Amino acid sequence: MLQALTAMWLFWGLNWVVMKTANAYFPPILFVTWRFASGALILLAVACWKKIPLPDAKLLPWIFLSGVLQMALNQVTIQVGLQGISAGMGCVLNSRRRSG
């Protein structure tokens, strides 16, 4: 279990360095778009391969809207923020939780 946690911490922490480095090569919105498009295609391929049924067509606009607002917009703001701060600071600020 400790090895799995260590691998997760390393992967998550190094992900911030990769995102910061990508800002030197891609505009933030383009980088997030490529990440989300490739992830969506991979998930769709896995769903087809595993024969997982897709949601009803009437739900797709709501699923798309919630994905854009909850995931993509968050990632775009992170990428824009990483232009001005270090990867470590961005990681700490993003994981900061308010208590009380």
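Values in this text are rule-based calculations from the coordinates and carry no lab data. Because the structure is predicted, anything quoted here is derived from the model rather than measured. Glycine gets a Cβ as well: all are built from the backbone with ideal geometry, and neighbour counts include every protein chain shown.
Binning all Cα-Cα separations of the range 1-57 at 10 Å, short to long from zero, yields these whole-percent fractions: 19, 29, 33, 19, 0. Exposed loop sites here are trypsin sites (Lys or Arg not before Pro) assigned a DSSP state other than H, G, I, E or B and surrounded by at most 16 other beta carbons within 10 Å; excluding them, the longest clear run of the chain is 1-49.
Stretching the chain fully between Lys50 and Leu10 yields a gain of 11.5 nm (0.36 nm per residue, less the alpha carbon separation). Rg/Rh for the chain (Cα atoms only, Rh after Kirkwood) is 1.03.
Spacing of the modelled spin labels on Ser66 and Trp34, each 7 Å from Cα toward Cβ, amounts to 3.0 nm. Taken about its Cα centre, the chain carries a charge dipole of roughly 160 debye when the Cβ of each Lys and Arg holds +1 and the Cβ of each Asp and Glu holds -1. Build a GNM of the chain with springs between Cα atoms under 10 Å apart, and of Leu41, Leu82, Leu30 the one that fluctuates most is Leu41.
The Ser95 and Lys58 beta-carbon pair, evaluated with R₀ = 41 Å, returns a calculated FRET efficiency of approximately 0.70.
The simple Förster model, with R0 at 30 Å and r as the Cβ-Cβ distance, assigns Ile85 and Leu2 a FRET efficiency of 0.45. Here the Karplus relation 6.51 cos²θ - 1.76 cosθ + 1.60, evaluated at θ = phi - 60°, turns the backbone of the range 35-48 into coupling constants of 4, 6, 5, 5, x, 5, 5, 5, 5, 5, 5, 5, 4, 5 Hz, with x for every Gly and Pro. Anyone know which of Ile42, Ile78, Ile29 comes out most mobile in the 10 Å Cα GNM of the chain? Maximum fluctuation in the GNM of the chain, among the listed residues, is at Ile42.
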